[in-house]
Amino acid sequence: MTMQDDAYLKCMNHQCGLEYPIKSTNVQCEKGHMLDVKYKNKPSDKLKEVFYKRRNPQGSIFNESGVWRFRELLNFCQIETEDIEECSKYLVSLDGAEGRQSKPYRMSKAAKFIGTSNENLWLQPEGYNPSGSFKDNGMATAVTHAKMIGAKRIVCASTGNTSASAGMFAANEGIDCDVYIPAGQIAPGKLSQAYQFGVQIVEVDGNFDDALKQSLEDVKNHDGYTVNSINPFRIEGQKTIPFRALEYLNWEVPDWIVYPGGALGNTSSCGKALMELYEWGWIKKIPRIAVINSEGASTLSDLYNGKFEGEELRWNKGNPNTELISRYYDHLDKEGLRPKTKATAIQIGRPTNILKGLRALEFTNGIVTTVSDSEMLDGMSVVGLNGFDCEMASGATVVGVKKLLNEGVIKKDDVVVGILTGRQKDAMLPVEYHNNPENTFAKPPKN
Ligand SMILES: [Zn+2]
């Protein structure tokens, strides 16, 4: 069977729907809409058995990889997936390490803090990826596409996790990596991993949005390949986060999947994964997605919950009120409102994937809420007491579940999978937290 032309790119806007060949480097259609990777063939659910068997990798890094173990479900290279030589030629991997250690765990102290039973709560630490965050899942697939089209340089705008992941993959593949940052606004420590992997830092006058804009323009005018989450191939790799969660639950679908909300690439990819699995008949039930924003960076929550102009923004079957989003952004600019939270990983005012995020929320009957910085620090700290490390933004997942349980939105009997997105982003935050005896889980030093 030939796999040719099984995969292609399609504009997500229903009225537009432009299609492009899989080797296109457009990250948007020519009218500026976001693209999806699409597959014509429906993978058989007999693959569940194949994926399970690959957990004994038998010497193949592509079975070891938590991303490429599911390669039939993201086969945009259209290769013979059991042919190791083909896999080696096409698939980019950190020697099988991306996603390898990420799976749902029980964390009894977190369950107790949240107020749910240990059996009903699963937390999946994506910080145990090689570069320290979930980004490695999507970077494996984006850099695979970059390699497929012959790119010699990958480019991103980033202040932390994305640049670390991009830099690590670039160093492994022997290609160049440019990281765009707003000049003078980023502490050098935040970029230490990126420097370590030999990336070229490019300073741009303005804020983060300006840096991203400049990077996209430079890619258009020179040779380069964008690996920010605007890139649809990033979303493909991030689908394996819910794939792993579902597989470890023996494909028994939980009631909820909970993510911190930043650029909304995770929400989007979870939604796409669930839409595809449902369409393919792999799952019969659809879990609800809960997105947890920081109170200080609450664009999605404000719009989704009708806190701006009283209208609840929805995907609306493909007809979202994009004017409302524009007016919200104008309002932020006019009032000089900047996203502000110590959880820098989700300190985002203009989520790149807001429309794909809304689509995911509509498909899953999802909800959005907010938590405070001090709550997030408690969430981060209680995860630590279970012997797992996570960054402050990931703490949003834990306290978000707690809040939704208290509100009765999540029911006592509901099974919840929470995603912990990264670790070790801001090393001083736990030190500050534990030195303040007023914090819930603080253990101050003694002398
Ligand atoms: Zn379009």
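The values are calculated or read from the model by the stated rules, or taken from the named source; none is laboratory data. No experiment lies behind these values; they were computed from the predicted model shown. Please note: Cβ atoms are built from the backbone with ideal geometry, for glycine as well, and neighbour counts cover all protein chains shown. The protein model used for the area step is the full one, side chains on, heavy atoms only, and it has no ligands, DNA or RNA in it. Shrake-Rupley method; radii C 1.70, N 1.55, O 1.52, S 1.80 Å.
Tabulated data for the structure shown
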quantity: Which listed residue is touching a residue at least 60 places away in the same chain (Cβ under 8 Å) and closer than 19 Å to G138 by Cβ, from G261, G281; calculated: G261
quantity: Candidate set from the range 35-56 (those that are of a type outside the set (D, E, K, R) and part of a helix (DSSP H, G or I)); member that is nearest to the ligand (Cβ to nearest atom); calculated: L47
quantity: Considering residues of the range 151-174 that are modelled with pLDDT of 95 or more, open to solvent by 40 Å² or more (accessible area, probe 1.4 Å) and not acidic (D, E) only, the residue nearest to L91 (Cα to Cα); calculated: N172
quantity: Tally, over the range 249-259, of residues that are under 19 Å from the mean Cα position of the chain (by Cα) and open to solvent by 10 Å² or more (accessible area, probe 1.4 Å); calculated: 0
quantity: Residue in the range 37-46 that is touching a Lys or Arg at 6+ places or on another chain (Cβ under 9 Å), open to solvent by less than 70 Å² (accessible area, probe 1.4 Å) and at pLDDT 95 or above present; calculated: yes
quantity: Of the criteria (1) of a type in the set (D, E); (2) within 26 Å of L212 (Cα to Cα); (3) buried (at least 18 other Cβ atoms within 10 Å of the Cβ), which one E295 fails; calculated: (3)
quantity: Which listed residue, of L361, L405, L377, L420, is of a type in the set (A, V, I, L, M, F, W, C) and surrounded by fewer than 21 Cβ atoms within 10 Å (Cβ to Cβ); calculated: L405
quantity: Lone qualifier among G59, G96, G32 - being over 20 Å from A273 (Cα atoms) and within 16 Å of the ligand (Cβ to nearest atom); calculated: G32
quantity: Selection count where residues are in a helix (DSSP H, G or I) and touching a helix residue (DSSP H, G or I) at 6+ places or on another chain (Cβ under 8 Å), scope the range 113-128; calculated: 6
quantity: E252 being in contact with a Phe, Trp or Tyr (Cβ under 9 Å, 6 or more places away or on another chain) and not basic (K, R); calculated: no
quantity: Any hit, the range 328-338, residues being part of a loop (DSSP other than H, G, I, E, B) and closer than 23 Å to E391 by Cβ; calculated: yes
quantity: Some residue of the range 163-174 being more than 18 Å from the chain's Cα centre (by Cα), in a strand (DSSP E or B) and among the acidic types (D, E); calculated: no
quantity: Residues of the range 302-324 that turn out to be of a type in the set (G, A, S) and open to solvent by 30 Å² or more (accessible area, probe 1.4 Å), as a count; calculated: 1
quantity: In the range 3-22, residue modelled with the highest pLDDT [restricted to those that are open to solvent by less than 30 Å² (accessible area, probe 1.4 Å), more than 15 Å from the ligand (Cβ to nearest atom) and in a loop (DSSP other than H, G, I, E, B)]; calculated: I22
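Here's the yes/no breakdown for (1) over 30 Å from G96 (Cβ atoms); (2) crowded, with 24+ Cβ neighbours inside 10 Å:
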residue: D176; (1), (2): no, no
residue: Q196; (1), (2): no, no
residue: E217; (1), (2): yes, no
residue: I241; (1), (2): no, yes
